[in-house]
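Below: the structure, in structure tokens.
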Amino acid sequence: MISSTEERESIFLNEYLMAAACIFAVVTSLILLIFFRSEANIFSTFEILIKMITAVSMFFAFRHYNWDVAKGLMGGVLFSLMYQEAYFVLDRLWGEQDFDIYLVAGVQGSLYLAAAGMSFLMTIVITINHFHICYGLHGTPQNVIFNRVAIIFKFGVYIMLLAANSRLGFSPSILWKNALQYLTDMAVLLLTVSIESQFDSFKLLRQELMMSKRKKEKEQ
């Protein structure tokens, strides 16, 4: 179990980091909407807008202590990430057999396909675990640790996606569009884990207060 001291010293408890992640997600989303609107279909535009609006709403809900709303929005933004990756992996790559294009591209294309599949699987794990953390009846320190490990692994997968993407022989606009999308998703995940850390910190603080209250009652 994570001690309260370690939890308080966590970098994720920094509200400036949360604000920076939110701003970064908005900036990258706006760049995608403005500079790549000619290439975007209705679905991808809707997807970018939903993710951006949900991330901003999640941040402000947390800042104004609407914790249940923030929890729900966190689940919403994770679900939108999962749906986006499911559409990309299952429909576009495997459904339309676009994987042939990436396999022809060689090692970097194969890495890109593998990373896309791993990213989708990890988003499923993180989304399911999020509900255990935020809505579990009992404290779930094991789930919190597991979620941090899953998100760290997913960040590694995103770095693999960015590296493999930069070496693919596609047009610069496609490469930049992919890169901005992954950077947006990284910022959204960073914001999500920061808010989850804050919730976990409040749980630990409440436990400490309850323990000190019980001690006082026993002393009396």
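Look at the alpha carbon pairs under 8 Å that are at least 6 residues apart: their mean separation over the length of the chain gives a relative contact order of 32 percent. By the beta-carbon count within 10 Å of each Cβ, the least crowded to most crowded order of Ser166, Ser201, fewest first, is Ser166, Ser201.
Taking every DSSP helix (H) stretch of at least 4 residues in the chain, weighting each as -39,500 (n - 2.57) and dividing the sum by the residue count yields a mean residue ellipticity at 222 nm of -28000 deg cm²/dmol. The residues neighbouring Lys177, those whose beta-carbon lies less than 14 Å from its own, together hold a net charge of -1 under the Lys/Arg +1, Asp/Glu -1 convention. In this structure, Ile124 and Ile174 have a Cβ-Cβ separation that, at R0 = 22 Å, corresponds to a calculated FRET efficiency of about 0.25. Compute the acute angle (0 to 90°) between the alpha-carbon long axis of helix 15-35 and the principal axis of greatest extent of the alpha-carbon atoms of the chain; round to the nearest 10°. The helix 15-35 is inclined about 20 degrees to the chain. Each of Glu196, Glu219, Glu15, Glu47 has some number of other Cβ atoms within 10 Å of its Cβ, and from fewest to most they run Glu219, Glu15, Glu47, Glu196.
Since only Gln198, Asn165, Gly72 are under comparison, the one whose Cα sits farthest along the positive direction of the charge dipole of the chain, derived from C-beta charges on Lys, Arg, Asp and Glu, is Gln198.
Calculated from the alpha-carbon coordinates, the chain shows an Rg and a Dmax of 19.6, 76 Å respectively. Candidate cross-link partners of Lys154 among the lysines, defined by an alpha-carbon separation under 27 Å and a same-chain spacing of 8 or more, comprise Lys51, Lys71, Lys177, Lys203.
Projected label points at Phe60 and Ile145, each 7 Å from Cα along the beta carbon direction, are separated by 3.8 nanometres. Relative to the dominant Cα principal axis of the chain, helix 141-166 is inclined by about 20°.
Every number here is computed from the coordinates shown, using simple stated rules; none is lab data. In this text, all values refer to a predicted model and were calculated from it rather than measured experimentally. Quick reminder, even Gly has a Cβ in these numbers, built from the backbone with ideal geometry, and neighbours come from all protein chains shown.
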